[in-house]
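The values are calculated or read from the model by the stated rules, or taken from the named source; none is laboratory data. Please read all numbers here as calculations on a predicted model, not as lab measurements. Note that each Cβ is placed from the backbone with ideal geometry, even for glycine, and that neighbours are counted across all protein chains shown. We work out accessible area using only protein heavy atoms, side chains counted, and drop any ligands, DNA or RNA first. Shrake-Rupley method; radii C 1.70, N 1.55, O 1.52, S 1.80 Å.
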Amino acid sequence: MPRHVTHVPLRWADMDAYGHVNNVVYLRYLQEARVDMLFVHAPKQGAEQLAEGVVVARHEISYHAPLHYRAEPVRVETWVRRVGNSSFHLGYEVLDIDGDGARTVYAVASSVLVPYDLEDAHPRRVAHEERLVLESFLELDGPEPGKAAA
């Protein structure tokens with residue numbers, strides 16, 4: 001299945017005292033990729049409710065290589081690991097791909113997300129239309145944080 005690809009710009013302020021992107025900034029990169037996937041592209045495919053409210057229940061990140069500030073954006077690939085009745089899991093890779101197709105992976109991450117009704121202030125179930133859109137990005141064997149690459 002295809003992964004959703006977002007090119008996230010780096011900011012000068014993303015660097016820490018060691019000259020590389022600070023580990024907490026990766027959460028913003030994941031958020032920008034997730035917003036692009038769920039709030040911009042999913043509604044165009046018929047899953048408008050995803051843009052109306054989703055909350056993060058959990059994040060997990062494994063860092064693989066330092067990312068240094070540069071003018072070019074970093075690539076974030078996002079896919080769906082699992083869709084349940086009232087939550088879904090996203091996988092991410094923050095990486096670069098060079099001209100020869102070699103991948104430099106800076107981080108592998110996952111998030112557990114819960115659809116949320118902001119008006120009534122409570123979690124809700126994954127709607128049928130949402131499930132169809134999410135399952136179009138399903139990748140069961142993608143890399144996971146904390147696990148060695150195959």
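Being closer than 16 Å to His59 by Cα and either among the hydroxyl-bearing types (Ser, Thr, Tyr) or loosely packed, with under 13 Cβ neighbours inside 10 Å (or both) is the filter here; which residues of the stretch 107-148 pass it? Within the stretch 107-148, Ser110, Ser111, Gly146, Lys147 meet the criteria. Condition first: outside any loop (DSSP other than H, G, I, E, B) and open to solvent by less than 80 Å² (accessible area, probe 1.4 Å). Now tell me which residues in the stretch 7-18 satisfy that. Result: Val8, Asp14, Met15. The requirement of being under 21 Å from Val21 (Cβ atoms), hydroxyl-bearing (Ser, Thr, Tyr) and in contact (Cβ under 8 Å) with a residue 12 or more places away in the chain is not satisfied by Tyr116. Considering (1) at pLDDT 90 or above; (2) more than 20 Å from Ser136 (Cα to Cα); (3) not polar (S, T, N, Q), the lone condition that Ala33 does not fulfil carries the number (2).
From the set of residues in the stretch 67-106 that are part of a strand (DSSP E or B) and farther than 25 Å from Met15 by Cα, which is most open to solvent (accessible area, probe 1.4 Å)? Among those that are part of a strand (DSSP E or B) and farther than 25 Å from Met15 by Cα, it is Arg82.
When restricted to residues that are open to solvent by 60 Å² or more (accessible area, probe 1.4 Å) and closer than 28 Å to Gly146 by Cα, the stretch 40-59 contains 4.
On the given criteria, is Ala42 assigned to a helix (DSSP H, G or I) and more than 11 Å from the chain's Cα centre (by Cα)? Taking the combined requirement at face value, the residue satisfies it. Is it the case that Ala121 is small (Gly, Ala, Ser) and on the phi < 0 side of the Ramachandran plot? In short, no. Starting from residues that are in contact (Cβ under 8 Å) with a residue 40 or more places away in the chain and outside any helix (DSSP H, G or I), keep the ones in the stretch 19-39 and report whichever is farthest from the chain's Cα centre (by Cα). Filtering first and then ranking leaves Gly19. Only residues that are of a type outside the set (Asp, Glu), crowded, with 16+ Cβ neighbours inside 10 Å and under 15 Å from Val5 (Cβ atoms) were counted across the stretch 25-39, and they come to 6. Looking only at the stretch 43-63, residues that are among the aliphatic types (A, V, I, L, M) and under 25 Å from Tyr106 (Cβ atoms) come to 4 in all. The single condition from (1) under 19 Å from Leu138 (Cβ atoms); (2) in contact (Cβ under 8 Å) with a residue 40 or more places away in the chain that Ile61 fails is (1).
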